[in-house]
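See below for the structure under consideration.
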Amino acid sequence: MTASKIDVTPAAADLLRTLAGKHGPLMFHQSGGCCDGSSPMCYPVGMFRTGASDVHLGDLAVDGFDPVPVYMSASQYELWKFTHITIDLVDGRGSGFSVEAPEGKRFLIRSRMLTDEEVAELGITPRFPLRAQPLPR
Amino acid sequence: MTMYADAPAEKAEETPPAAGPQVYAAPGAEGSVVSYKPRYDHFIGGRYVPPAEGQYFDDITPVTGKPFTEMARGTAKDVDAAVEAGWKAFPSWSRTSPAERALMLTRIADRMEANLEAIAVAETWENGKPVRETLAADIPLAIDHFRYFAGALRAQEGGVSEIDHDTIAYHFHEPLGVVGQIIPWNFPILMATWKLAPALAAGNCVVLKPAEQTPASIHLLLDLIKDLIPAGVLNIVNGFGFEAGAPLASHPRIRKIAFTGETTTGRLIMQYASENLIPVTLELGGKSPNIFFEDVAREHDAFYEKAQEGFSFFALNQGEVCTCPSRALVAKTIYDGFVGDGVERVKRIKQGNPLDVSTMIGAQASNDQLEKILSYMDIGTQGGARLLTGGERADLGGDLTDGYYVQPTIFEGTNDMRIFQEEIFGPVLALTSFDGFDDAISIANDTLYGLGAGVWSRDGSQLYRAGRAIEAGRVWCNTYHQYPAHAAFGGYKQSGIGRENHKMMLDHYQQTKNLLVSYAEGPMGFF
């Protein structure tokens, strides 16, 4: 199987299908910062403008609808590049402009570290060199 | 807590049983000091208006996880009506005298002070924070904020520049018009006040959208003060970001938008502002370092206790503070002892019913917030960080069993880990050590953000040098989590644009009118 940086749970995919039926093609942009930060924001394509400062992590396949691209700012990606993320769904309502909030649901990121094999296959380069930081003690 | 000088006044006649801790009854329950209405509409043009689409949504208390009122679900039509109402009020409101506007702000403050206990209990019920915080910090700070901007407005002056003997430049402060404000859920009333007080003082009309998690307490406050505010000067549209926030932020007839929240929405708001060519102020959070230098542990005295409290401040407001000191940097030479004492102190933090005045940490504001924090516990462990205390959801049993409670948590690790770099917005501390001044500053600045920071030392020179070297808009020196109205607050780097608090905030809600006047009697001589 081909390695990927992103995945989606069945519950999240189901809601994406419902939302795409209402709002048309969708995309994600991972947020940082306070309040509803560190969460994925879902928008109809065209509402949020990505640019040169963003990294395209991949596309989520959602049966019957356009694939859903997932983006993250390049500065944040530098810290996440060894993480595999799965977009999941929980009860909630967020507080940004994400499209699912009125449904009483909130998309959420589940994370795991990519394996060495996945890192090699995806061709991920090492992080910007950080200073050596041994664990305290 | 020393966030505010005056302790809240107790209402003697309502003192519950003398023995044991004082626990407030839930709003609406028998013996409660406050009740929410069963439903809140939008407040537009000085009156309550049902939503154009006729829909409502439940407002849930994080204390029990159960709904307690319902809110109008706003859409673009409601936002249009609110902006229209604002412009209708603007011509007369913008021409009121500074004295008149300042008087309105001080009257709002007085009304809040007279109802402090009711507002505080209501705020706790909706947000989940301990009532001792709302009584001693949130609401007193909000009251003081209105008074501060009443005073700042009266003391504000324009400018007169003498260009030459016959030519004078007058500089006047003029309001912007109708402005949009999007409020976060972590300090619903205080954050609304931070935006409202300077905007109203400066003569603007406001369309405000509260957070969808915490829309009701602002309406409860509004009920107490709405007779003091001319119709249309303050309009409140409830609803979800996608349905009401985006139409407000992108509205072609607002003259400014202010937002507190996260970076992706911040970018989206700037995008809208670029389309309408209007100014923005953004406060987008941080990953604030809290640095403890070696001399902190030179003696185990009152200062050491103060620094230990500073170490524990990550748990204030359940960690749901943009400036949460979520990274502790402790000098390697004192690490074991200082951290050992700190962990013990954190273990003594009393978690419980937010309405109990002895509770120190309450509930996270929402279920999705709870889930996100728990996902970061998993990220911390997977990333190789070592758990020193906490690490799980807390089940408080009884009525509170479905509430959103998280144990105060400390992870030890390194600054390149995701839990050191991403804002969790929960009571989760990422702890590491440093080796000397330069290392401390280097770790502190190795972040995308720059909102708050803390520095602790007995050496004033070291405090000063560290404070200047840290790339953050607010550096607390030998203190933390104080928010006086007269100190500027805002972010460096990706933490935002603009400031809140301080009289400079009036400038963020004003534009400059220059009258360039010639008093010369004759022509300039060109034609």
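We did not get these values from a lab; they are worked out from the coordinates using the rules stated. As the structure is a computational prediction, the values presented were derived from the model and not from experiment. Note: ideal-geometry Cβ built from the backbone for every residue, glycine included; neighbour counts use all protein chains shown.
Check the cysteines of chain B one by one and keep only those with no other cysteine Cβ under 4.7 Å from their own.
Cysteines of chain B left without a disulfide-compatible partner: B:C205, B:C324, B:C477.
Per 0.36 nm of contour for each residue apart, how much would the distance between B:A25 and B:K88 grow if the chain were fully extended, relative to their Cα-Cα spacing?
18.5 nm
Net charge around B:N127, counting only other residues with Cβ within less than 10 Å of its Cβ (Lys, Arg = +1; Asp, Glu = -1)?
Net charge around B:N127: -4.
For segment B:23-111, run through the chymotrypsin sites (Phe, Trp or Tyr not before Pro) and keep only the ones in DSSP coil with at most 12 other Cβ atoms within 10 Å of their Cβ.
Sparse-neighbourhood loop chymotrypsin sites (Phe, Trp or Tyr not before Pro): none present.
Within segment B:148-179, which residues have the backbone N less than 18 Å from the label spot 7 Å out from B:R95 along Cα→beta-carbon, could you tell me?
Answer for segment B:148-179: B:173-178.
Can you give the helix-only mean residue ellipticity at 222 nm for the protein assembly as shown, where every DSSP H stretch with n ≥ 4 adds -39500 (n - 2.57) and the sum goes over all residues, rounded to the nearest 500 deg cm²/dmol?
Computed mean residue ellipticity for the protein assembly as shown: -9000 deg cm²/dmol.
Once you list every other residue whose beta carbon is under 15 Å from the beta carbon of B:P230, what net charge do they have if Lys and Arg are +1 and Asp and Glu are -1?
+4
Between B:C477 and B:D166, what is 0.36 nm times their sequence separation minus the Cα-Cα distance? Round to one decimal in nm.
That pair, B:C477 and B:D166, stretches by 107.0 nm at full extension.
If you fit an axis through the alpha-carbon atoms of helix B:98-114 and take the longest principal axis of the Cα set of chain B, what angle between them do you get, 0 to 90°, nearest 10?
30 degrees
Looking at the protein assembly as shown only, what percent of DSSP beta bridges run antiparallel? Nearest 5 please.
55 percent
Mind giving me the nanometre distance, one decimal, between the label points for B:I497 and B:E53, set 7 Å out from Cα along Cα→Cβ?
2.9 nm
Of the GluC sites (Glu not before Pro) in segment B:434-525, which ones lie in a loop per DSSP and count no more than 13 other C-beta atoms within 10 Å?
Of the GluC sites (Glu not before Pro), the ones in loops of segment B:434-525 whose Cβ has at most 13 other Cβ atoms within 10 Å are B:E521.
Leaving out same-chain residues fewer than 8 places away, which aspartates and glutamates sit with a Cα under 12 Å from that of B:K513?
B:E174
Computed FRET efficiency, Cβ-Cβ of B:E174 and B:L277, R0 22 Å: what is it to the nearest 0.05?
For B:E174 and B:L277, the calculated efficiency is 0.80.
Using a Gaussian network model of chain A with C-alpha springs under 10 Å, which one of A:E121, A:E100, A:E78 is most mobile by mean-square fluctuation?
With Cα springs under 10 Å in chain A, the top fluctuation among A:E121, A:E100, A:E78 is at A:E121.
Which one of A:T9, B:H219, B:P427 has its Cα pushed farthest toward the positive end of the charge dipole of the protein assembly as shown, where Lys and Arg give +1 and Asp and Glu give -1 at the Cβ?
Going by the charge dipole, the pick is B:H219.
Looking at A:G51, A:G21, A:L89, which one has the Cα that reaches farthest to the positive end of the dipole of the protein assembly as shown (charges on Cβ: Lys, Arg +1; Asp, Glu -1)?
A:G51
For the residue pair B:Y464 and B:R154, what label-to-label distance in nm results when each label sits 7 Å from Cα along the Cα-to-beta-carbon direction?
With each label point 7 Å from Cα toward Cβ, the separation is 3.6 nm.
For the pair A:E117/B:A487, report the inter-label distance in nm, with labels modelled 7 Å from Cα in the Cβ direction.
Result: 5.4 nm between the two label points.
If I take R0 = 22 Å and measure r between the Cβ atoms of A:S75 and B:D438 in this structure, what FRET efficiency does the formula 1/(1 + (r/R0)^6) give, to the nearest 0.05?
With a Förster radius of 22 Å, E is 0.40.
Tell me, what is the FRET efficiency for B:Q511 and B:D223 to the nearest 0.05, using R0 = 41 angstrom and their Cβ-Cβ distance as r?
0.80
Which length gain, in nm to one decimal place, applies between B:R298 and B:F527 when the Cα-Cα distance is subtracted from 0.36 nm times their residue separation?
Extending this stretch completely gives an extra 74.6 nm.
GluC sites (Glu not before Pro), restricted to segment B:40-127: which are DSSP loop and have at most 16 other Cβ atoms within 10 Å?
When the GluC sites (Glu not before Pro) of segment B:40-127 are filtered for loop state and at most 16 Cβ neighbours within 10 Å, B:E53 remain.
Pick out, from B:S97, B:A197, B:V357, the residue whose Cα sits farthest towards the positive end of the charge dipole of chain B, with +1 on the Cβ of Lys and Arg and -1 on the Cβ of Asp and Glu.
Sorting the options by dipole projection puts first B:S97.
Charges at C-beta only: +1 for Lys and Arg, -1 for Asp and Glu. How large is the resulting dipole of segment B:289-485 about its Cα centre, in Debye rounded to 20?
Computed charge dipole of segment B:289-485: roughly 300 debye.
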